[in-house]
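Engineer: Let me begin by handing over the structure; questions about it come next.
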């Protein structure tokens, strides 16, 4: 029997979506490394306080003891508190605020951007003017005012960070929606009877995801930095350790004992970098076009 | 046979902003007062150059672009007046095959999910029934079952267009609008797809509204043909009548531009060249829209717009000189 020639070519094999995404992710060495690092940091943040049960507020030794001396791996700060214990306990707060502020950012940003990009016209005008209003606010100042007015609780700090950071996500989402809604496959879905909600959530959003994922990974990083900034200015709860707060409280002694500022700085740097790399890897792994053909 | 689709005085306009003054609104009539009918089980081809409004007319019939005025009656029901849920249900009856198989398939969905989408949105069938229908559709369009799990980028252009056709067939529509379904494919694949479309028409009794700029394709596919120019139908006749006795000067020029392989025929054939450009679609001329390029235009053509008149055999032409 002769077969038509279109049947002759080799069929690429289809696999389960997660298998495919994981095998793609695994190829990206830096993303895998970053994921390992991030897992380590997360575990450290959760279980660290039990494995190294030193109270981060307790004065354990004389101040400004350099790293490695007298059994204190990272030394002590200006009050003689164990820096390692502070880093471990601060990780939880930094990560939690970073993550929850990023989630809030993405939620507001994607909703506003999607509605503006999909409906256009008056909806877009109103939403984008609101976005611009939040964009021109001096972000740090606005957050400071919010925290100063309503108290420095964790939810309030998260809210203060989220409310000033969502504009970038909204603008990216809108621009992606504007581009994708004109493509033929969106029209094809409409012709197939998809409702507006389904078009937005089921068709356009998944295709708009790559830049949004990257942006949200960056958002986690910048939220951690933002929290560090607020702590540095002394606007967070002094009874809660976070990395930014360690930097802030030791800043006067930066010339005498630089390590007290450098060590939490490195912790922030590594965490933000790891999150960005994982976001980058996710972006590639979730895009079917880049997978093995 | 009875008319399945009856389009009357359909107009589609777009707002364009032109410089000078804040509130200066201009309208571009992409489709201007167009009427045609398609009989059940037959194919009407709409031909015309780029910008003639043929695709816009098709999109308006499928309710994918908002029509400004007119009626589109599908089996007697005006589908332009349907809204919301009613409109969604009507979409079962009218399906669309898109021009570009590379952009008309969602890159994040598997072939099987793309074909199943109309069923998911519009039918109450169970998952098992849907899977069975998808299996049958894949077979009907000549794709293998194991290809269902693949993503669009893993297919060739012709295979992608087969997926697009399978999707259009999923809800058992009465009318399928094909918007230049083969213009993005190379010639060998074009023939496969055209033959597939004809086979499906015969097997399922489909009615096609076929948009194309390729007269060779149109001759192969259609029962009747409407020629559009600048948003208007200038000539509308059955296939034989139009190809043998084209009456409108624009149609004559179009037909003379079809390349022939036969040398003897080629020697006879005299190409009618159309000089110049189409007029500005926003500031249309007073008279016939083709007058400024027409080789036989007379004084009346510059001032009075010709109407689409029918002769005894139903061959309609919009020209003063016919």
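What follows is calculated from the coordinates using simple rules that are stated; it is not laboratory data. Computed from a predicted structure; not experimentally measured. Cβ coordinates were reconstructed from backbone atoms using ideal geometry, including for glycine residues, and neighbour counts include every protein chain displayed.
Engineer: How big is D for the range A:122-186, in µm² s⁻¹ as a whole number, if Stokes-Einstein is applied with the Kirkwood radius of its Cα pairs at 10 °C and 1.306 mPa s?
Structural biologist: 118
Engineer: For the range A:167-293, just the Cα set please: Rg and Dmax, both in angstrom.
Structural biologist: 21.0, 70
Engineer: On a full-extension model of 0.36 nm per residue, what is the gain between residue B:260 and residue B:153, subtracting their alpha-carbon distance, rounded to one decimal in nm?
Structural biologist: 35.0 nm
Engineer: Compute the Kirkwood hydrodynamic radius of the range B:107-165, taking the inverse of the mean of 1/r over all pairs of distinct Cα atoms, and give it in Å to one decimal.
Structural biologist: After inverting the mean inverse Cα-Cα distance, the result is 11.5 Å.
Engineer: Can you give the calculated 222 nm mean residue ellipticity of the protein assembly as shown, where each DSSP H run of n ≥ 4 adds -39,500 (n - 2.57) and the sum is split over every residue, rounded to the nearest 500 deg cm²/dmol?
Structural biologist: -16000 deg cm²/dmol
Engineer: So what's the convex hull volume per residue for the Cα atoms of the protein assembly as shown, in Å³?
Structural biologist: It comes to 225 Å³ per residue, whole-number rounded.
Engineer: What is the mean number of Cβ atoms from other protein chains located within 10 Å of the Cβ atom of each residue in peptide B:94-102, rounded to a whole number?
Structural biologist: Mean partner-chain Cβ count within 10 Å for B:94-102: 3.
Engineer: How many Cβ atoms of partner chains, on average, are near each residue of B:104-111 if near means within 10 Å of its Cβ?
Structural biologist: 6
Engineer: Follow-up question, since we're still on this one. Pairing the Cα long axis of helix B:127-140 with the longest principal axis of chain B, what angle in degrees results, from 0 to 90 and rounded to the nearest 10?
Structural biologist: Long axis of B:127-140 versus the principal axis of chain B: about 50 degrees.
Engineer: Tell me, what is the percent relative contact order of the range B:1-160, built from C-alpha pairs under 8 Å that lie six or more residues apart?
Structural biologist: 20
Engineer: Taking Rh as the Kirkwood radius computed over C-alpha pairs, what is the Stokes-Einstein D of the range B:74-185 at 4 °C in a medium of viscosity 1.567 mPa s, expressed in µm² per second?
Structural biologist: 89
Engineer: Hey, how much of the P(r) for the range B:174-322 falls beyond 24 Å, as a percent of Cα pairs?
Structural biologist: More than 24 Å apart: 42 percent of the Cα pairs in the range B:174-322.
Engineer: Below 8 Å between Cα atoms, with a sequence gap of 6+, how large is the relative contact order for the range A:92-185 in percent?
Structural biologist: Relative contact order for the range A:92-185 comes out at 48 percent.
Engineer: Taking just the C-alpha trace of the range B:38-99, give me its Rg and Dmax in Å.
Structural biologist: For the range B:38-99, the Cα-based Rg and Dmax read 12.2, 36 Å.
Engineer: OK, next. Rounded, prolate or oblate, given the Cα gyration tensor of chain A, with a/c below 1.5 counting as rounded?
Structural biologist: Verdict is oblate for chain A.
Engineer: If you count, for each residue, the other Cβ atoms within 10 Å and average over each peptide, how do B:180-190, A:274-284, B:84-94 line up from highest to lowest?
Structural biologist: My ranking of the peptides, most packed first, is A:274-284, B:180-190, B:84-94.
Engineer: Please report, largest first and rounded to whole Å, the three semi-axes of the ellipsoid equivalent to the range B:201-282, where each semi-axis is the square root of five times an eigenvalue of the C-alpha gyration tensor.
Structural biologist: Largest first, the range B:201-282 gives 23, 20, 11 Å.
Engineer: Treat each spin label as a single point 7 Å out from the Cα along the C-beta direction, and report the residue B:93 to residue A:252 distance in nm.
Structural biologist: 8.2
Engineer: Another one. I need the calculated FRET efficiency for the pair residue B:186 and residue B:268, taking r as the beta carbon distance and R₀ as 30 Å, to the nearest 0.05.
Structural biologist: Taking R0 as 30 Å, the efficiency between residue B:186 and residue B:268 is 0.50.
Engineer: With just the Cα atoms defining each centre, how far is the range A:198-270 from the range B:96-138? Give it in Å.
Structural biologist: The two parts, judged by their Cα centres, are 44 Å apart.
Engineer: For the range B:181-236, report the convex hull volume of the alpha-carbon atoms normalised per residue, in Å³, without decimals.
Structural biologist: About 86 Å³ per residue, rounded to a whole number.
Engineer: Taking N as the number of residues in chain B, what value does Rg over Cα atoms divided by 2.2 N^0.38 Å take?
Structural biologist: Cα Rg divided by the expected 2.2 N^0.38 Å: 1.06.
Engineer: Pairwise over distinct Cα atoms, reciprocal of the mean inverse distance: report the Kirkwood radius of the range B:67-119 in Å, one decimal place.
Structural biologist: Hydrodynamic radius (Kirkwood, Cα only) of the range B:67-119 equals 13.4 Å.
Engineer: Moving on to the next point. Output the 0 to 90 degree angle, nearest 10, between the alpha-carbon long axis of helix A:17-27 and the longest principal axis computed from the alpha carbons of chain A.
Structural biologist: 60
Engineer: Against the longest principal axis of chain A, how steep is helix A:259-285, in degrees 0 to 90 to the nearest 10, with axes from Cα atoms?
Structural biologist: For helix A:259-285, the angle is close to 10 degrees.
Engineer: Largest first and to the nearest Å, give the Cα extent of the range A:179-247 along each principal axis.
Structural biologist: 58, 18, 13
Engineer: May I have the convex hull volume per residue, in Å³, for the Cα set of the range B:1-89?
Structural biologist: Each residue corresponds to 108 Å³ of Cα convex hull volume.
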